[in-house]
Amino acid sequence: MRRYIKGLCFAFLIAFGPVPATAGELSYFPAGEWPQTPAVPPPSVSSGSVVPVPELSALPAYAFSGKADIEGLIESAVRASTSSVEVAVYGFTLPRVAQALADARARGVRVRVIMNESHLFTPRRSEQIQQLLDAGVEMRSLRGVGRYGIMHNKLGIYDGKVVSAGSFNWAVTANEANSENAVFIADPEVTASYRAYFEWMWGLARPSAEGPAEPVAAYPPPPACGARPLDFNGALLPRCTFSPGGDTEKDIAAALDFARETADIAVFSFYSQTIADAVLNAHKRGVKVRVLTDRVQASQSDVGKLFMDAGVPFRWSQGFAGKGVMHNKFAVLDGKLLMTGSFNWSVNAQQNNFENEYYSADPALAAAFAAQFGDLFDAAETPTPEDLAKARREALRLSGR
């Protein structure tokens with residue numbers, strides 16, 4: 001058992017560490033972009049039976065695990081697609097979505113899936129990944145830079161019209177235990193940028209029939225976001241950023257530099273010194289900063305102690321219902337700027353992983369995430385310095401260091 005825990009702890013460090021609503025609780029796309037219609041309930045049967053065909057326009061603008069069936073929303077998006085579904089995901093164990101993708105391919109929709117290499121090529125490949133391979137879905141694998149890089153996106157693009165993004169891994173635990181978020185983006189400029197990013201990754205990815213690739217020393221820079229930038233307190237910020245490489249770490253820090261009133265931060269894994277410095281600077285100039293991280297991840301990082309020593313309100317938590325992990329990666333600044341995506345605030349995410357980050361100044365979206373942060377922060381624990389030190393020692397012991 002100790003060997004298993006030890007390996008699990010090391011796997012977390014590789015992926016994220018510093019190594020080298022119910023329908024009534026959901027808001028919808030702004031008027032003029034999508035109709036203000038209720039969210040499509042997920043079909044109750046997903047085994048090839050006839051199910052109602054949803055509409056992409058009925059998808060909510062956001063959803064939170066524990067308050068909405070995010071798997072059902074993604075399934076609805078796939079079933080509503082008529083021409084193409086493009087997917088780039090770290091892991092995949094969602095049975096309803098797997099069946100929906102297989103059904104989409106059977107009815108003539110072009111379905112393309114990019115998987116993190118280690119999840120596609122493993123003796124314990126998930127049943128859902130095998131189902132897609134057996135259904136003839138076009139699948140390619142992608143590994144990150146060097147030893148520690150991974151393909152960490154959680155993206156779906158439906159008919160080139162809607163993008164699903166956020167922290168939500170396409171896994172059962174994400175839907176049933178983890179604290180997660182998903183956004184459904186309908187802006188044509190942003191969607192076009194995500195499609196360009198997908199095509200860039202597709203060109204770098206390896207067809208599944210060719211097996212694993214050799215380690216990669218570097219990739220060319222990812223495409224820049226083609227959408228018009230946002231004005232946040234005088235700072236021009238992109239609508240989306242991509243990695244490996246790119247400017248995500250720099251842009252998150254820049255946004256924090258322009259915050260004037262509040263900065264609510266919920267990030268699974270926080271190791272970036274560049275962003276931590278921006279958080280501390282915001283706190284010093286009077287911005288009301290609150291930081292929430294996952295409990296296990298906080299035990300492996302020095303950022304928590306750094307914030308507590310500086311007087312920054314810092315808490316940690318797990319998933320909902322006493323299970324899972326706090327897997328969000330979002331921040332709301334001044335109650336009006338939302339930043340969310342797959343991007344953990346770490347050097348690995350910036351330099352080695354395939355990641356994405358979405359930026360929005362939509363008032364309803366920012367308000368919803370601010371409210372969600374409040375719920376999470378209120379329910380979280382405030383560790384003492386002794387708690388942090390004890391957790392740190394335990395993490396080091398389990399990792400064998």
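The values are calculated or read from the model by the stated rules, or taken from the named source; none is laboratory data. Everything quoted here is computed from the prediction, not taken from an experiment. Please note: Cβ atoms are built from the backbone with ideal geometry, for glycine as well, and neighbour counts cover all protein chains shown.
Which pairs turn up if I take residues in segment 171-187 that are basic (K, R) and look for partners that are surrounded by fewer than 24 Cβ atoms within 10 Å (Cβ to Cβ) with beta carbon separation below 6 Å, at least 6 apart in sequence or on another chain?
none
For residues in segment 308-329 being surrounded by 24 or more Cβ atoms within 10 Å (Cβ to Cβ) and of a type in the set (A, V, I, L, M, F, W, C), which is nearest to the chain's Cα centre (by Cα)?
Among those that are surrounded by 24 or more Cβ atoms within 10 Å (Cβ to Cβ) and of a type in the set (A, V, I, L, M, F, W, C), it is M326.
Looking at this structure, is V267 farther than 24 Å from A182 by Cβ and surrounded by 22 or more Cβ atoms within 10 Å (Cβ to Cβ)?
When the stated conditions are applied, V267 does not pass them.
From the list A186, A182, A192, which residue is modelled with pLDDT of 95 or more, closer than 17 Å to L94 by Cα and either under 12 Å from the mean Cα position of the chain (by Cα) or surrounded by fewer than 22 Cβ atoms within 10 Å (Cβ to Cβ) (or both)?
Testing whether each residue is modelled with pLDDT of 95 or more, closer than 17 Å to L94 by Cα and either under 12 Å from the mean Cα position of the chain (by Cα) or surrounded by fewer than 22 Cβ atoms within 10 Å (Cβ to Cβ) (or both) leaves just A182.
Name the residue that is farthest from W200 (Cα to Cα), counting only residues in segment 115-166 that are in a loop (DSSP other than H, G, I, E, B) and of a type in the set (K, R).
R124
Got at least one residue in segment 361-369 being more than 25 Å from I185 (Cβ to Cβ) and not in a loop (DSSP other than H, G, I, E, B)?
Checking segment 361-369: not a single residue is more than 25 Å from I185 (Cβ to Cβ) and not in a loop (DSSP other than H, G, I, E, B).
When the residues of segment 338-397 are filtered to those that are surrounded by fewer than 24 Cβ atoms within 10 Å (Cβ to Cβ) and among the β-branched types (V, I, T), which remaining residue is nearest to the chain's Cα centre (by Cα)?
Among them, the one singled out is V347.
Answer yes if at least one residue in segment 49-61 is at pLDDT 95 or above, in contact with a Gly (Cβ under 9 Å, 6 or more places away or on another chain), surrounded by 19 or more Cβ atoms within 10 Å (Cβ to Cβ) and farther than 18 Å from S342 by Cβ, and no otherwise.
No, there is no match, as no residue in segment 49-61 is at pLDDT 95 or above, in contact with a Gly (Cβ under 9 Å, 6 or more places away or on another chain), surrounded by 19 or more Cβ atoms within 10 Å (Cβ to Cβ) and farther than 18 Å from S342 by Cβ.
Is it true that some residue in segment 382-391 is in the same structural domain as Y271 (by TED's automatic domain parsing) and more than 16 Å from V296 (Cα to Cα)?
Looking through segment 382-391, none of the residues is in the same structural domain as Y271 (by TED's automatic domain parsing) and more than 16 Å from V296 (Cα to Cα).
Please tell me if V291 is crowded, with 22+ Cβ neighbours inside 10 Å, hydrophobic (A, V, I, L, M, F, W, C) and modelled with pLDDT under 95.
Criteria not met by V291.
Does any residue of segment 274-288 turn out to be assigned by TED's automatic domain parsing to the domain that holds P313, surrounded by fewer than 18 Cβ atoms within 10 Å (Cβ to Cβ), out of contact with any Leu (no Cβ under 7 Å at 6 or more places or on another chain) and among the acidic types (D, E)?
Within segment 274-288, one or more residues are assigned by TED's automatic domain parsing to the domain that holds P313, surrounded by fewer than 18 Cβ atoms within 10 Å (Cβ to Cβ), out of contact with any Leu (no Cβ under 7 Å at 6 or more places or on another chain) and among the acidic types (D, E).
Test each condition in (1) assigned to a helix (DSSP H, G or I); (2) closer than 22 Å to A255 by Cα for E355 and report the one that comes out false.
Checking E355 against (1) assigned to a helix (DSSP H, G or I); (2) closer than 22 Å to A255 by Cα, the one that fails is (1).
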